[in-house]
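The values are calculated or read from the model by the stated rules, or taken from the named source; none is laboratory data. For clarity, every value in this text was computed on a predicted model and none was experimentally measured. Positions of Cβ are backbone-derived with ideal geometry, glycine not excepted, and every protein chain shown enters the neighbour counts.
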Amino acid sequence: MFLYDMILPLVGALILIICVLVGVAFLTLLERKVLGYIQIRKGPNKVGFAGIPQPFCDAIKLFTKEQTYPVTSNYLPYYFSPIFSLFLALLVWMIIPYLSGLFTFNLGLLFFLSCTSLGVYTVMIAGWSSNSNYALLGGLRGVAQTISYEVSLALILLSFVFLIGGYCLMDFLMYQKYLWFVVMTFPLALSWFASCLAETNRTPFDFAEGESELVSGFNVEYSSGGFALIFLAEYASILFMSMLFVVIFLGCNIYSWEFFVKLAFISFMFIWVRGTLPRFRYDKLMYLAWKSFLPLSLNYLFMFVGLKLLIMSILF
């Protein structure tokens, strides 16, 4: 029995990791196709049928290229930060609300905040250990941006913690059986989506990877495998943030096909924004975080606390 309890979570985790990585592969294909059609071209269509095996060809190409590293870099932090980055991006998937209880635990939202906070260090260490001015500047920008938007993410989550009275994602499944939260908290949903864009360093908030002025940002010194791991971590985070958006705002029945349609739509919106919007100015980015999203999320937090107190005073 003990062996069964040990093996089952390991097999479940392995299947989950494989499924996430395959999902990431096809998310990159979707992005290249959508950006192609936005720019009135085809996107990948030569490899196999309609370019479907293209992500796997890219992965083989990246991982078989020669690994180079700067002579002046701090080798161990430089080498391990992409690995740690991907590890965190995959570890956070443990909080998916499975009814079978594979990994779901009561403090899922706190675990999510802890993992995203640790993700800041991987960007910072990748930029610093490369010993390049461009990489360091990109890393510093990424850290400032991520820390700023984590505040609004945490406050929005805290609003829902007061509303549903718990940190477990399973509660969202029960509370959204008849009405999605996006109906009553639409401004919060928009704020959450924009914060997710900033948190995953996506356009229009891709200052950590500003190609025009920073060559490629914090990952400029990475090639082949290291670059591939950073790339995988970013897209795994996009997929996870899309999943969390659907869980929190759009109903949380993970066993229905509608859940995955909504997940694909939110992932498509991440790509749509990239194809449509230009990059923000850096001071506007900080202004948006501290002067717009912070007051909005605080007001909603006070409203939910007031609602909870009102309901408790009526009931008791």
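Numbers at a glance
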{"item": "Selection count, segment 293-307, where residues are loosely packed, with under 14 Cβ neighbours inside 10 Å and within 21 Å of residue 144 (Cβ to Cβ)", "result": "1"}
{"item": "Subset of segment 165-180 (residues that are hydrophobic (A, V, I, L, M, F, W, C) and either closer than 20 Å to residue 116 by Cβ or within 23 Å of the chain's Cα centre (by Cα) (or both))", "result": "168, 169, 170, 172, 173, 180"}
{"item": "Residue 108 within 22 Å of residue 263 (Cα to Cα) and touching a Cys at 6+ places or on another chain (Cβ under 6 Å)", "result": "yes"}
{"item": "Flag if residue 269 is in a helix (DSSP H, G or I) and either loosely packed, with under 12 Cβ neighbours inside 10 Å or under 19 Å from the mean Cα position of the chain (by Cα) (or both)", "result": "yes"}
{"item": "Checking residue 178 against (1) free of Cβ contacts under 8 Å to residues at least 60 places away in the same chain; (2) surrounded by fewer than 19 Cβ atoms within 10 Å (Cβ to Cβ); (3) assigned to a helix (DSSP H, G or I), the condition it does not meet", "result": "(3)"}
{"item": "Subset of segment 221-249 (residues that are outside any helix (DSSP H, G or I), crowded, with 20+ Cβ neighbours inside 10 Å and out of contact with any Pro (no Cβ under 6 Å at 6 or more places or on another chain))", "result": "222"}
{"item": "Among (1) surrounded by fewer than 18 Cβ atoms within 10 Å (Cβ to Cβ); (2) under 14 Å from residue 244 (Cβ atoms); (3) in contact (Cβ under 8 Å) with a residue 60 or more places away in the chain - the single one residue 96 does not satisfy", "result": "(1)"}
{"item": "Residue within segment 38-46 that is surrounded by 15 or more Cβ atoms within 10 Å (Cβ to Cβ) and either of a type in the set (Lys, Arg) or assigned to a helix (DSSP H, G or I) (or both) present", "result": "no"}
{"item": "Cross-chain or 6+ apart pairs with Cβ under 6 Å, segment 116-133 first and closer than 15 Å to residue 74 by Cβ, then surrounded by fewer than 23 Cβ atoms within 10 Å (Cβ to Cβ) and of a type in the set (S, T, N, Q)", "result": "129/73; 129/74; 130/73; 131/72; 131/73"}
{"item": "Residue in segment 31-44 that is at pLDDT 85 or above, out of contact with any Gly (no Cβ under 8 Å at 6 or more places or on another chain) and of a type in the set (Lys, Arg) present", "result": "yes"}
{"item": "Within segment 192-227, tally of residues that are at pLDDT below 80 and of a type in the set (Ser, Thr, Tyr)", "result": "3"}
{"item": "Test: residue in segment 59-66 that is in contact (Cβ under 8 Å) with a residue 24 or more places away in the chain, buried (at least 17 other Cβ atoms within 10 Å of the Cβ), closer than 26 Å to residue 128 by Cα and not hydrophobic (A, V, I, L, M, F, W, C)", "result": "no"}
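Okay, residues lined up against (1) outside any helix (DSSP H, G or I); (2) farther than 21 Å from residue 27 by Cβ; (3) under 22 Å from the mean Cα position of the chain (by Cα):
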residue: 51; (1), (2), (3): yes, no, no
residue: 66; (1), (2), (3): yes, yes, no
residue: 76; (1), (2), (3): no, yes, no
residue: 85; (1), (2), (3): no, no, yes
residue: 112; (1), (2), (3): no, no, yes
residue: 117; (1), (2), (3): no, yes, yes
residue: 134; (1), (2), (3): no, yes, no
residue: 140; (1), (2), (3): no, yes, yes
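Yes or no, residue by residue, for (1) surrounded by fewer than 19 Cβ atoms within 10 Å (Cβ to Cβ); (2) within 15 Å of residue 218 (Cβ to Cβ):
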position: 73; (1), (2): yes, yes
position: 88; (1), (2): no, no
position: 108; (1), (2): no, no
position: 112; (1), (2): no, no
position: 117; (1), (2): yes, no
position: 128; (1), (2): no, yes
position: 135; (1), (2): no, yes
position: 142; (1), (2): no, yes
position: 146; (1), (2): no, yes
